[in-house]
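Structure first, commentary second.
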Amino acid sequence: MAPTAVNQEPQELQETIKKLAALKPIGHSKNKNGVVTGFDPKWGERLPPTTKERFAKYGIDISQGYPYVPVNEKVPKFVDEVYAIRNEEYPFIERGKNADPEKKSLFDAATDVIHLTPYIGTEIVGLQLSELTDQQKDELALLIAERVVVFFKDQDLSPQKQLELGHYWGQVEVHPQAARVGPDYDGLTVIWQEQQRERWGIPLTFKHSKLGNSQWHSDLVHEKQTAGITHLHLDAIP
């Protein structure tokens with residue numbers, strides 16, 4: 001007699017699933033029974049002065065606190081829930097394909113173009129990212145694909161313009177667990193040593209460069225269309 005398939009997991013597995021579903025994996029408190037989501041008033045006051053100045057200059061309201069943490073009910077805890085996030089293809093224009101291979105619009109507008117190594121890293125001098133034309137943005141996308149890392153110093157760039165630039169190139173990635181500036185600025189977060197050390201116990205220093213380097217990364221590689229460009233704006237330079 002052939003075995004009969006039944007849609008029932010062992011009791012032990014059922015109990016494990018219930019425990020996992022009840023977990024509160026992120027929040028503002030290290031106490032698992034007292035996890036707080038939403039805004040954290042503590043760190044809003046302790047943001048680095050240069051970051052607070054830039055936020056104030058461009059009307060970013062952090063009066064409720066920083067960071068904003070999504071409610072735990074919306075945070076995926078199982079593999080199938082993770083894969084369900086942005087699991088559909090969306091219209092995408094590869095901006096670099098529209099670009100002039102010689103990048104004349106971008107390079108001619110710059111006061112200098114410095115290739116820092118033979119193959120990786122280029123500095124563009126004398127241009128503001130907030131003022132780039134669409135043609136220059138296309139050429140920059142191609143340059144990033146070719147040179148991997150591109151530097152622009154002395155930028156007067158608002159967080160809103162930073163997000164706008166990201167949306168021009170594609171869909172801005174929003175990590176389902178990541179702390180962020182607020183629900184109106186999904187995809188924008190702040191990284192600084194004091195918070196990483198005290199909140200997570202992570203020493204972001206050159207002495208612990210392996211740990212420090214691993215904190216700024218993209219780990220949503222399961223998505224149908226993964227991130228192609230990441231933008232790090234330095235409010236303060238060590």
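Read the figures in this text as sums done on the coordinates, not as results from a lab. Please read all numbers here as calculations on a predicted model, not as lab measurements. Positions of Cβ are backbone-derived with ideal geometry, glycine not excepted, and every protein chain shown enters the neighbour counts.
Remarks
- Going by neighbour counts of Cβ atoms within 10 Å, the residues Trp169, Trp192 line up, fewest first, as Trp192, Trp169.
- Per-residue ³J(HN,Hα) for segment 158-175, Karplus 6.51 cos²θ - 1.76 cosθ + 1.60, θ = phi - 60°, Hz, x for Gly and Pro: 7, x, 5, 5, 4, 5, 4, 5, x, 5, 5, 7, x, 9, 5, 6, 10, 6
- The fewest-to-most ranking of Ile85, Ile237, Ile124 by surrounding Cβ atoms within 10 Å reads Ile237, Ile85, Ile124.
- For segment 176-183, the Karplus equation 6.51 cos²θ - 1.76 cosθ + 1.60, evaluated at θ = phi - 60°, returns couplings of x, 10, 6, 5, 9, 5, x, x Hz by residue, with Gly and Pro reported as x.
- Distance distribution P(r), segment 93-170, all Cα-Cα pairs, bin width 5 angstrom from 0: 3, 16, 27, 29, 19, 6, 0 percent.
- Count Lys and Arg as plus one, Asp and Glu as minus one, and take only other residues whose Cβ is under 11 Å from that of Lys137; the net charge is then -4.
- For segment 79-85, putting each phi into the Karplus relation 6.51 cos²θ - 1.76 cosθ + 1.60 with θ = phi - 60° gives couplings of 4, 5, 5, 5, 5, 6, 6 Hz, in residue order, rounded to whole numbers and with x for Gly and Pro.
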